[in-house]
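The structure appears below as structure tokens.
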Amino acid sequence: MAVHNSYGAFIEPELEVTGSGSGKLGGLSFAVKDVFAVAGHHSSAGNPDWLRSHPPSAAHSAVVSMLLQSGATLRGATHTDELMYSLGGENYHYGTPVNPLAKDRIPGGSSSGSAVAVAAGDVDFALGTDTGGSIRVPSAYCGVYGFRPTHGAVEMEGVIPLAPGFDTVGWITACPELLLRAGEVLLGAAAPGSRGGAMGRLHIAPEAWALAEEDSAASLRNGLQLLQAGAGWSGATEIAPEGLKTWMNVFRELQGAEIWATHGAWIERAQPLFGPDIAARFAWAAGLAGQDHSRALRMRGEIAARLRQLLGEDGCIVLPTVPGPAPLRGGDLAQLEQNRSGAMMLSCIAGLAGLPQVTLPVIGPAGLPLGLSLIGGHGQDLRLLSWVREIWQQS
């Protein structure tokens with residue numbers, strides 16, 4: 001039976017694959033961003049020319065098979081930004097899903113449909129991908145929970161890539177308990193950090209909090225106090241002496257170079273029609289081809305080593321997921337790009353270091369959704385999710 005799709009979350013609401021019926025996720029339903037292979041389904045990656053030039057999938061992606069075997073039933077393929085190269089959620093070809101908690105505002109992308117499907121209650125949870133923030137940003141804008149795992153911790157086989165050195169499979173839920181249950185399936189019970197335990201040290205990054213909009217900061221600090229009450233230590237820790245803008249530029253350079261290496265040949269061959277913002281982004285990425293990226297690669301290595309040493313097994317960085325509430329729908333491109341830059345300065349931290357990050361919903365001014373994030377140590381995904389389930393449900 002097709003989902004209602006009253007908020008426009010789905011590109012194919014009729015898609016359904018029944019799960020095994022038993023297991024950790026028995027009786028639950030999930031949706032998939034339209035980049036995951038589902039046998040017989042024709043993935044669009046948010047662009048009609050991609051849909052036209054690629055065949056339907058012959059088999060399920062690895063993660064879809066894992067969820068089906070664990071008892072969950074797949075219901076619907078959800079909208080995504082074009083080739084996942086955006087954080088806005090406004091698709092030039094297929095339209096924009098409606099943010100259920102803020103109907104006049106964008107849902108965020110590129111996992112826009114997945115966040116909307118969960119926020120609307122259409123499914124219990126949803127799969128998305130996160131390269132530069134594409135799970136974390138829409139989850140924050142739509143008032144739901146989102147998780148980006150340690151890079152490489154979840155199988156990417158059968159998922160359309162964007163920039164493989166940063167791509168992750170992530171998931172979105174309406175409660176922290178299900179965030180953990182899905183993680184136990186997708187990460188495996190034998191994963192590092194599965195033994196649980198408290199996150200003992202909370203590092204409050206002042207350069208990240210400085211990016212929060214003034215009206216949003218007070219609401220975010222209320223959530224911070226709840227986290228501090230459940231930790232052994234918390235304090236201010238500067239994490240980016242070079243500045244988060246420098247970190248963002250390193251991320252954008254390396255991501256853009258990988259994106260063109262991944263999709264440049266197809267773009268030159270197929271000459272796809274992109275929306276203006278996506279077309280400009282791909283044109284910029286094309287200009288990175290053949291350049292020397294050794295300095296950016298060296299900085300990425302230094303950043304990753306520094307953060308992994310700082311966090312260890314029981315440390316977390318606490319930061320706003322995004323600077324403030326979602327921008328209004330239909331805003332001018334310059335304003336949206338400015339908002340995107342602020343979000344990327346926050347989201348590039350986990351991306352550069354390959355670390356797990358969970359975003360928690362916070363109600364902000366005028367009842368608009370905000371996101372408060374925790375970045376955990378490398379491989380400490382289940383420990384982080386277990387601790388969030390214990391602490392945040394007290395809110």
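The values are calculated or read from the model by the stated rules, or taken from the named source; none is laboratory data. As the structure is a prediction and not an experimental result, all values here were calculated from the model. With ideal geometry, Cβ positions are generated from the backbone for all residues, glycine too; neighbour counts draw on all protein chains shown. We work out accessible area using only protein heavy atoms, side chains counted, and drop any ligands, DNA or RNA first. Shrake-Rupley method; radii C 1.70, N 1.55, O 1.52, S 1.80 Å.
Descriptive notes on the structure:
- In this structure region 245-291 gives 46 Å² per residue of accessible area when probed at 1.4 Å with all protein chains present.
- Sequence-distant contacts, meaning Cα pairs under 8 Å at least 6 residues apart, place the relative contact order of the chain at 19 percent.
- Across the chain, counting alpha-carbon atoms alone, Rg and Dmax equal 19.2, 56 Å.
- Two tests apply to each whole DSSP H helix in the chain, Cα reach of 20 Å or more along its axis and mean Kyte-Doolittle hydropathy of at least -1.0, and the ones passing both are 214-229, 244-270, 294-311, 333-353.
- Around Val154: net Lys/Arg minus Asp/Glu count, Cβ-Cβ under 11 Å: -4
- Debye, to nearest 20: dipole size of the chain, +1 on Lys, Arg Cβ, -1 on Asp, Glu Cβ: 520
- Centre separation in Å (Cα based) which lies between region 83-158 and region 266-342: 16
- Of all the options Arg269, Arg105, Arg340, the one that moves most in a Gaussian network model of the chain with Cα springs shorter than 10 angstrom is Arg269.
- Considering helices alone, the calculated mean residue ellipticity of the chain at 222 nm is -12000 deg cm²/dmol, with DSSP H runs of length four and up weighted by -39500 (n - 2.57) and normalised per residue.
- Here the accessible area is traced with a 1.4 Å probe on the protein chains. For the chain, carbon and sulfur cover 52 percent of it.
- Residue of Glu268, Glu313, Glu184 that the Gaussian network model of the chain assigns the largest fluctuation, springs spanning Cα pairs under 10 Å: Glu268
- Radius of gyration over Kirkwood radius for region 66-154, both on Cα atoms: the Rg/Rh ratio is 0.96.
- Here region 1-121 has an Rg and Dmax of 14.0, 40 Å, counting Cα atoms alone.
- For the listed peptides 139-146, 257-264, a ranking on the average number of other beta carbons within 10 Å per residue, highest first, reads 139-146, 257-264.
- Calculated on the Cα set of region 6-69, radius of gyration then Dmax: 12.8, 39 Å.
- Largest mean-square fluctuation among Pro327, Pro161, Pro241, in a Gaussian network model of the chain whose springs join Cα atoms under 10 Å apart, belongs to Pro241.
- Of all beta bridges that DSSP places with both ends in the chain, some 65 percent have antiparallel geometry.
- In order through region 129-145: 3J(HN,Hα) via Karplus (6.51 cos²θ - 1.76 cosθ + 1.60), integer Hz, x for Gly, Pro: 10, 9, 9, x, x, 6, 9, 5, 5, x, 4, 5, 5, 9, x, 10, 8
- The ellipsoid equivalent to the alpha-carbon distribution of region 258-370 has semi-axes of 29, 25, 11 angstrom, derived from the gyration tensor eigenvalues as √(5λ) and listed largest first.
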